[in-house]
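Since every read-out is calculated from the coordinates, none of them should be taken as a lab result. None of these values were measured; they are calculated from a predicted model. Glycine also receives a Cβ, built like all others from the backbone with ideal geometry; neighbour counts cover every protein chain displayed.
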Amino acid sequence: MNSKLTQLAERRAHLVAQAADQRTALAQNAAPWRAPLALADRGVEALRTIRRHPGWLLGAALLLVALRPGRAGKLTWFAWVGWQVGRRVLRR
């Protein structure tokens, strides 16, 4: 009975070491995918937000229609610049 327990303990130790090696390899292989998957997650979350609040999308579309194309472009540019500045300020 003792030899069987010893064999089981050795097998378990081998399997634990093998699992650790596999986790390390998986982490190394998944590293290049972190940034693209994070971007995809942000896109999915944006779609979920739009789905939960369709009025926001309708309001934005009506605002762009109400403004003439030139003014809408300026508004979009100001919003983009403001968003970028806000992101940089919050990072620090």
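Here are the numbers:
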{"read-out": "Projected label distance in nm at Leu47 and Gln84, using a 7 Å step from Cα toward the beta-carbon", "value": "2.7"}
{"read-out": "Spatial separation of Cα centroids for segment 22-68 and segment 78-92, in angstrom", "value": "18"}
{"read-out": "Cβ charges +1 (Lys, Arg) and -1 (Asp, Glu), total dipole of segment 2-52, debye", "value": "260"}
{"read-out": "Nearest-ten-degree value, helix 34-52 long axis tilted from longest Cα axis of the chain", "value": "50"}
{"read-out": "The chain: C-alpha gyration tensor shape, a/c 1.5 cut-off, then a/b vs b/c", "value": "prolate"}
{"read-out": "Stokes-Einstein D (µm²/s) once Rh is taken as the Kirkwood radius of segment 2-52 over alpha-carbon pairs, at 20 °C in 1.002 mPa s", "value": "150"}
{"read-out": "Crossing angle, helix 2-30 versus the chain [Cα axis fit, 0-90 degrees, rounded to tens]", "value": "20"}
{"read-out": "Förster radius 41 Å - calculated FRET efficiency between Asn2 and Trp33 (Cβ-Cβ, nearest 0.05)", "value": "0.30"}
